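Structure incoming, see below.
The values are calculated or read from the model by the stated rules, or taken from the named source; none is laboratory data. Keep in mind that this is a model prediction, so the values were computed, not measured. Virtual Cβ from ideal backbone geometry, glycine too; neighbours counted across all protein chains shown. Accessible surface is based on the protein model in full, side chains and every heavy atom, while ligands, DNA and RNA are left aside. Shrake-Rupley method; radii C 1.70, N 1.55, O 1.52, S 1.80 Å.
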Amino acid sequence: MSLPQSCADQVLDKLGIDRPEDLELLEAIAWERGAMVRHNKLDGAEARLMVMGRRAIITISTAVQNPHRRRFNIAHELGHLEMHRYQTNSSICTSQDLNQWDNRDKNNAIELQANEFAAAFLLPQRFFADLCRIEPPSLNFIAS
């Protein structure tokens, strides 16, 4: 299990999240972890994290219209908060950062980690692994 997956599992455990429905309350989850989520205009970025001591602000660009993308952005910034809080006081994430899935670019390692955290947090293995045993995961299966 990777560090981002392990960290996502730890956060789920600490919060006592034991049903997929609990993940619908993502902004409340962020608040519980010390971050207020707000939606505001951002120039050149989809999301931003500002850390001030024990509290943080996650800002999601109002230009992001897709609700699933907004949720992923919140989880991505939560990943930065959980894993990189002591490395930097701020994170500004562009569309390119949020689409970072290639581990060959070492300069974007923290973006890849935040993306992996978001994926593991929003689709935790504990809730969805059994569904993958029914039929191999595919876009056709998801669409049906």
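Does segment 21-38 contain any residue that is farther than 20 Å from residue 123 by Cα and modelled with pLDDT under 95?
no
A follow-up question, please. Test residue 21 against the stated conditions and say whether it is in a helix (DSSP H, G or I), charged (D, E, K, R) and touching a strand residue (DSSP E or B) at 6+ places or on another chain (Cβ under 7 Å).
The answer is no for residue 21.
Next up: Pull out all pairs, ordered by first then second residue, where Cβ-Cβ is under 9 Å, the residues are six or more apart or on different chains, the first lies in segment 34-53 and is without any contact (Cβ under 8 Å) to a residue 12 or more places away in the chain, and the second is in a strand (DSSP E or B) and open to solvent by less than 70 Å² (accessible area, probe 1.4 Å).
Between residues of segment 34-53 that are without any contact (Cβ under 8 Å) to a residue 12 or more places away in the chain and residues that are in a strand (DSSP E or B) and open to solvent by less than 70 Å² (accessible area, probe 1.4 Å), the close pairs are 43/61.
Among the numbered criteria (1) touching a residue at least 12 places away in the same chain (Cβ under 8 Å); (2) open to solvent by 80 Å² or more (accessible area, probe 1.4 Å), which one does residue 31 miss?
Only one criterion in (1) touching a residue at least 12 places away in the same chain (Cβ under 8 Å); (2) open to solvent by 80 Å² or more (accessible area, probe 1.4 Å) is unmet by residue 31, namely (1).
Select from segment 52-87 the residues that are surrounded by fewer than 20 Cβ atoms within 10 Å (Cβ to Cβ), in contact with a strand residue (DSSP E or B) (Cβ under 8 Å, 6 or more places away or on another chain) and more than 22 Å from residue 120 (Cα to Cα) and list them in ascending order.
Hits for segment 52-87 are 55, 62.
Report yes if some residue within segment 2-16 is surrounded by fewer than 17 Cβ atoms within 10 Å (Cβ to Cβ), in contact (Cβ under 8 Å) with a residue 60 or more places away in the chain and small (Gly, Ala, Ser); otherwise report no.
Checked against the condition, which is being surrounded by fewer than 17 Cβ atoms within 10 Å (Cβ to Cβ), in contact (Cβ under 8 Å) with a residue 60 or more places away in the chain and small (Gly, Ala, Ser), segment 2-16 yields at least one hit.
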